[in-house]
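The values are calculated or read from the model by the stated rules, or taken from the named source; none is laboratory data. Note that the structure is a prediction, hence the values are computed from the model and not measured. With ideal geometry, Cβ positions are generated from the backbone for all residues, glycine too; neighbour counts draw on all protein chains shown. For the accessible areas, the whole protein counts, side chains as well, though only heavy atoms, and no ligand, DNA or RNA atoms are used. Shrake-Rupley method; radii C 1.70, N 1.55, O 1.52, S 1.80 Å.
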Amino acid sequence: MEPGFLGVAYGWVKAAHVIFVIFWMAGMFMLPRYLVYHQEGLGDPADAARWVERERRLRHIILTPSMILVWVMGLLLAVNIGLLAGTPGLGWLHVKLAVVVLLSAYHGWAVGYSKKLARGQVTVSNRALRMMNEIPALAATLAVILVIVRPF
């Protein structure tokens with residue numbers, strides 16, 4: 001048990017945080033791939049309509065709820081270990097929060113692009129879209145290293 005205001009709930013909050021990180025990242029690995037297939041299928045209205053519905057379900061059932069819960073639980077944990085108290089040695093946490101902010105921004109972009117594709121608007125090349133698929137993996141890798149290794 002970590003010290004702080006969470007007390008005995010700390011382990012439960014941490015477990016919930018990790019569980020919802022897994023759910024969020026599963027969705028973040030899926031949505032960019034869906035966007036590639038959706039964009040490639042825009043020539044077939046029936047196929048495009050199926051991708052619109054798949055993306056909508058993914059956003060509403062997994063992605064957005066998981067991201068919100070990750071933020072709530074993560075902020076509780078961060079405050080619990082002293083983020084707002086100026087506790088020294090939390091440089092790793094500041095960088096991790098920056099990574100999560102950037103991943104959240106990417107989440108927002110991907111959701112917005114999904115909605116553009118639903119309207120038939122293509123603003124990113126297939127190649128660029130495929131390269132952007134790697135962003136969640138890079139963010140997850142960096143976040144895990146920061147939390148486990150705590151390099152600073």
Positions within the stretch 99-152 being farther than 29 Å from Leu77 by Cβ, part of a helix (DSSP H, G or I) and open to solvent by 80 Å² or more (accessible area, probe 1.4 Å), in sequence order: Lys115, Arg127, Arg130, Met131
Residue among Gly86, Gly74 that is more than 25 Å from Asn126 (Cα to Cα), outside any helix (DSSP H, G or I) and either modelled with pLDDT under 95 or open to solvent by less than 50 Å² (accessible area, probe 1.4 Å) (or both): Gly86
Residue in the stretch 118-141 that is closer than 23 Å to Gly41 by Cβ and touching a His at 6+ places or on another chain (Cβ under 7 Å) present: no
The listed residue being over 27 Å from Leu58 (Cα atoms), hydrophobic (A, V, I, L, M, F, W, C) and touching a residue at least 12 places away in the same chain (Cβ under 8 Å), out of Leu93, Leu103, Leu97, Leu117: Leu93
Members of the stretch 133-152 found to be within 16 Å of the chain's Cα centre (by Cα) and more than 16 Å from Val100 (Cα to Cα), listed by number: Asn133
Breaking point among (1) open to solvent by 60 Å² or more (accessible area, probe 1.4 Å); (2) without any contact (Cβ under 8 Å) to a residue 60 or more places away in the chain, for Phe29: (2)
Residue within the stretch 3-12 that is hydrophobic (A, V, I, L, M, F, W, C), surrounded by 16 or more Cβ atoms within 10 Å (Cβ to Cβ) and either at pLDDT below 95 or assigned to a helix (DSSP H, G or I) (or both) present: no
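Out of curiosity, is Val52 closer than 25 Å to Leu77 by Cα and either open to solvent by 20 Å² or more (accessible area, probe 1.4 Å) or at pLDDT below 95 (or both)?
No; evaluated as a whole, the condition is false for this residue.
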Odd one out for Pro45, checked against (1) within 30 Å of Arg119 (Cα to Cα); (2) surrounded by 13 or more Cβ atoms within 10 Å (Cβ to Cβ); (3) not hydrophobic (A, V, I, L, M, F, W, C): (2)
Any hit, the stretch 34-45, residues being part of a helix (DSSP H, G or I), closer than 17 Å to Ala140 by Cα and not β-branched (Val, Ile, Thr): no
